[in-house]
Amino acid sequence: MGKKAIRGIYYTPEASIYEIATSIISPSYVSLISALRFYNLTEQIPNTVYVISKKQHKGIEVNGTRIEFLKVKPSLMYGYAKVDDAFVADPEKAVVDMLYLGRFEEYALEAIESGKLNYEKLAKYAELSGSKKIIKTVKKVSHTMRYLNKKS
């Protein structure tokens, strides 16, 4: 049967924490700093897995790792895909989520500045967020990075 995560949700020993986290609420996806870590886009090793959903759920602990659920409006449920049996935000969407929720913003900017993101996709996700502040931030930082990359 496997180990119990919460009532009615069980997992096998080989299941990743990301897979467990996104099986608790559907639809949901791993995002924020957790997604950047998933893609090795940050040196930070968070002890919490952040999951985005359109439903409210209290945080839980599984195998010593905290899983926090953050509720967003349904229109923000985009930009993620199934990767290795877990639903994970694209790096660009994780950045937009961080800016939107006002969490780990310094790491969001660091990710934009890394040059490892797709700036067109980032701009598209920023537009989809509907937030003028996010659109402005993404345009400003992306423009600066393009300028610096052309100079080097």
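Sub-9 Å Cβ pairs linking a first residue in segment 1-16 that is of a type in the set (Phe, Trp, Tyr) to a second residue that is exposed (fewer than 14 other Cβ atoms within 10 Å of the Cβ), at least 6 apart or interchain, are Tyr10/Met1; Tyr10/Gly2; Tyr10/Lys3; Tyr10/Lys4; Tyr11/Gly2; Tyr11/Lys3; Tyr11/Lys4, ordered by first then second residue. Selection of segment 69-89 for residues being in contact (Cβ under 8 Å) with a residue 40 or more places away in the chain, surrounded by 14 or more Cβ atoms within 10 Å (Cβ to Cβ) and in a loop (DSSP other than H, G, I, E, B) yields Met77, Tyr78, Gly79.
Could we say that Ile52 is over 30 Å from Tyr119 (Cα atoms) and crowded, with 19+ Cβ neighbours inside 10 Å here? If you could, list the steps in order and put the result at the bottom.
Values: over 30 Å from Tyr119 (Cα atoms): no; crowded, with 19+ Cβ neighbours inside 10 Å: yes.
The answer is no for Ile52.
I'm trying to understand the selection: among the residues of segment 74-87, which are over 18 Å from Glu14 (Cα atoms) and over 15 Å from the mean Cα position of the chain (by Cα)?
Within segment 74-87, the first condition is being over 18 Å from Glu14 (Cα atoms), and the residues that meet it are 74-81.
Selection gives Pro74, Ser75.
Can you name every residue in segment 36-63 that is assigned to a strand (DSSP E or B) and in contact with a Ser or Thr (Cβ under 8 Å, 6 or more places away or on another chain)? Working first, answer last.
Pass one, segment 36-63, residues assigned to a strand (DSSP E or B): 48-53, 60-62.
Answer for segment 36-63, where residues must be assigned to a strand (DSSP E or B) and in contact with a Ser or Thr (Cβ under 8 Å, 6 or more places away or on another chain): Thr48, Val49, Tyr50, Val51, Ile52, Ser53.
Only one of the listed residues (Arg66, Arg103) is touching a residue at least 60 places away in the same chain (Cβ under 8 Å), of a type in the set (D, E, K, R) and either out of contact with any strand residue (DSSP E or B) (no Cβ under 9 Å at 6 or more places or on another chain) or outside any helix (DSSP H, G or I) (or both). That residue is Arg103.
Just to check your reading of the model, which residue among Ala123, Ala94, Ala108 is under 12 Å from the mean Cα position of the chain (by Cα), over 19 Å from Thr22 (Cβ atoms) and not in a loop (DSSP other than H, G, I, E, B)? Walk me through it before giving the result.
Numbers: Ala123 fails: under 12 Å from the mean Cα position of the chain (by Cα); Ala94 fails: over 19 Å from Thr22 (Cβ atoms).
Exactly one of Ala123, Ala94, Ala108 is under 12 Å from the mean Cα position of the chain (by Cα), over 19 Å from Thr22 (Cβ atoms) and not in a loop (DSSP other than H, G, I, E, B), namely Ala108.
Counting just the residues of segment 1-21 that are farther than 15 Å from Arg66 by Cβ and outside any loop (DSSP other than H, G, I, E, B), which one comes out modelled with the highest pLDDT? The qualifying residue modelled with the highest pLDDT is Glu19.
The values are calculated or read from the model by the stated rules, or taken from the named source; none is laboratory data. Everything quoted here is computed from the prediction, not taken from an experiment. Heads up, the Cβs are rebuilt from the backbone with ideal geometry, glycines too, and the neighbour counts pull from every protein chain shown.
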